[in-house]
Structures are given as structure tokens and as C-alpha cells.
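These notes concern the structure reproduced below.
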Amino acid sequence: MENTLTPCRSMKDFGLLRRRNALVPWVRCFAAGLLAVTWSLAMVWSLAMGHAAIAMEPADVPALADIGQQVWVVDLADALSASTETELDRTLSTLAQETGKEVRLLAVQRIDFGQSATDFAKEVFGDWFPTADRQRDRLLLLLATEDYRTALVAGENLQGILPPATQISIAQETVLPPAQKAQFNRAALDGMARLEAILRGNPDPGPPVVVTAPEVDSTPPKPENPLNTGLIVLAVLVVATVVPMVTYYGTQPRD
């Protein structure tokens, strides 16, 4: 017996087919939008992670044997110019040859907030010079360029000419102020110049004299945060994806 569709059943199937066909473009649009949003989230995460340097631990600093015993400037932050490194290497090498006092500069990007700059410097100093005898005439100046922290660690024989108050003054009043303005070359040169004068037996020149100039609004524009930019892009993509889908679905005839 031949199957026949009643008019009522045919109309229902036809209505379902229309609805199904109407949903296909909507589903495709939704899938494309979801893919775009996922891609945008991945880009925002990548930008945010690339912008912030990973905090360094003392164990991450290479051993002095690997760096070289005659290397005086260890710039792991890539913050100093080649000319500054050359000048400091020449100055510190001459100082070591003429006085027997060795000074090294270590620049890193960021250290863990749970550890003080002094503790970080002391750990590196102890790793580089593991015995009291090797530490006696040596000194380490630490500069963290992204979180603007400094510290100075001196061996036993240098404590007499570099008392704690002078060490703190060099780190906080000579090195830190230019570093806070991202003037890392100036911070390193000023700090080493003051250290050299003291270690050669000359009077402490003290921190640089700060001259107060008339206030001029020379603040550079704040660098754009890539995370904020990414969030804006993400919001635009979401709106651009959802609105057409809602509009398309809302304009379809309903049976």
C-alpha cells in the first residue's frame, strides 16, 4: 500500500525543515564567532605574559665560572648600552689591578617580591664567592630594572671603608633615582664612580646633588598596556559576532 502524507503532517515537516535550514547559517556564524573569540583570548594572554618579565631567583643567575672571572658587568636585563659596559669593564678592571678590590655589577629585570633585593644579592654573592676568604675584597652591586630595586653587598675587608650607611646611600640615593627614570646607564655609571672613589681611598663624593628645576609638564605619555588593548579588541569582536547572529535569528520567519 502506497504511503501518503496527510496535509497536516506535510506542513509540520515543511515547517521543521525551514527552521532547520534557518538555523544552519546561525550555527556556522556562531562557530566562527566562537573561534574568533578564542583566538583573541589567546592573543591577549600571550601579550600579557610577554609584557611582564618572569621574576628571577638567585639560582637562575649563571655561575661566575661560566660567566668568566674577568667579567665585571653581568647585564642579564639587557639594560646597559655597549659603550657603558665597555667603560665600566675598563674602570673596574683597572681598579682590581691597582687596588686588589673587585667590584661587579649585576643587572636583572625582576626579582620575586617575596625576597628583598639585599637577600637576593647576598645569595648570588655567596654563590659566586662561597668562602669568606674569597669574599673579603669583593663587592656586588645589584640593579633590578623592572621593579626598581637595588642592593649592595661587600666583603669583610671592605666593611671599614664602606659602612652599612654608605652602602645603603650608594644603592638608594645614587643608583636608584636615575634607575627609577629608566636611566640605567646613568645609574650604573654614577654608582660605580662613587664606589671607585671610596675604594681608592678618596673622600666619599656623596650622592648627586638634586637641583630642583621649574616644574614643566614633560611627562611622557603612559605606554599603552597590551592587556587593556587586547580586552578592547576582544569586546569589539564579541559585539561584532553576537549582534549579527541575534539580528539574523530574530529576522527569520517563525511558523
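The values are calculated or read from the model by the stated rules, or taken from the named source; none is laboratory data. Please read all numbers here as calculations on a predicted model, not as lab measurements. Heads up, the Cβs are rebuilt from the backbone with ideal geometry, glycines too, and the neighbour counts pull from every protein chain shown. Surface accessibility is based on the protein's heavy atoms, side chains included, excluding ligands, DNA and RNA. Shrake-Rupley method; radii C 1.70, N 1.55, O 1.52, S 1.80 Å.
For this structure, a couple of remarks:
One line per residue, one yes/no per condition, for (1) open to solvent by 70 Å² or more (accessible area, probe 1.4 Å); (2) without any contact (Cβ under 8 Å) to a residue 12 or more places away in the chain; (3) farther than 22 Å from residue 79 by Cα; (4) aliphatic (A, V, I, L, M):
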site: 147; (1), (2), (3), (4): no, no, no, no
site: 151; (1), (2), (3), (4): no, no, no, yes
site: 163; (1), (2), (3), (4): no, yes, yes, no
site: 177; (1), (2), (3), (4): no, no, no, no
site: 185; (1), (2), (3), (4): no, no, no, no
site: 188; (1), (2), (3), (4): no, no, no, yes
site: 191; (1), (2), (3), (4): no, no, no, no
site: 198; (1), (2), (3), (4): no, no, yes, yes
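- Considering residues of segment 53-72 that are among the hydrophobic types (A, V, I, L, M, F, W, C) and within 19 Å of residue 148 (Cα to Cα) only, the residue modelled with the lowest pLDDT: 53
- Of 209, 216, 236, all but one fail to be out of contact with any Asp or Glu (no Cβ under 9 Å at 6 or more places or on another chain), at pLDDT below 95, closer than 23 Å to residue 142 by Cα and open to solvent by 70 Å² or more (accessible area, probe 1.4 Å); the exception is 209.
- Helices (runs of 4 or more DSSP H) fully within segment 59-140 counting 2 or more residues that are among the acidic types (Asp, Glu): 82-99, 117-128
- Residue pairs whose Cβ atoms lie under 6 Å apart, separated by 6 or more positions or on different chains, with the first residue in segment 90-119 and at negative phi and free of Cβ contacts under 8 Å to residues at least 60 places away in the same chain and the second part of a helix (DSSP H, G or I) and crowded, with 22+ Cβ neighbours inside 10 Å, are 111/120.
- For segment 117-157, taking the residues that are over 20 Å from the mean Cα position of the chain (by Cα) and basic (Lys, Arg), the one that is nearest to residue 176 (Cα to Cα) is identified as 122.
- Residue check, residue 87 at pLDDT 95 or above, over 23 Å from residue 190 (Cα atoms), acidic (Asp, Glu) and in contact with a helix residue (DSSP H, G or I) (Cβ under 8 Å, 6 or more places away or on another chain): no
One line per residue, one yes/no per condition, for (1) in contact with a Ser or Thr (Cβ under 9 Å, 6 or more places away or on another chain); (2) of a type in the set (D, E, K, R); (3) open to solvent by less than 60 Å² (accessible area, probe 1.4 Å):
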{"position": "86", "(1), (2), (3)": "no, no, no"}
{"position": "99", "(1), (2), (3)": "no, no, yes"}
{"position": "104", "(1), (2), (3)": "no, yes, yes"}
{"position": "108", "(1), (2), (3)": "yes, no, yes"}
{"position": "115", "(1), (2), (3)": "no, no, yes"}
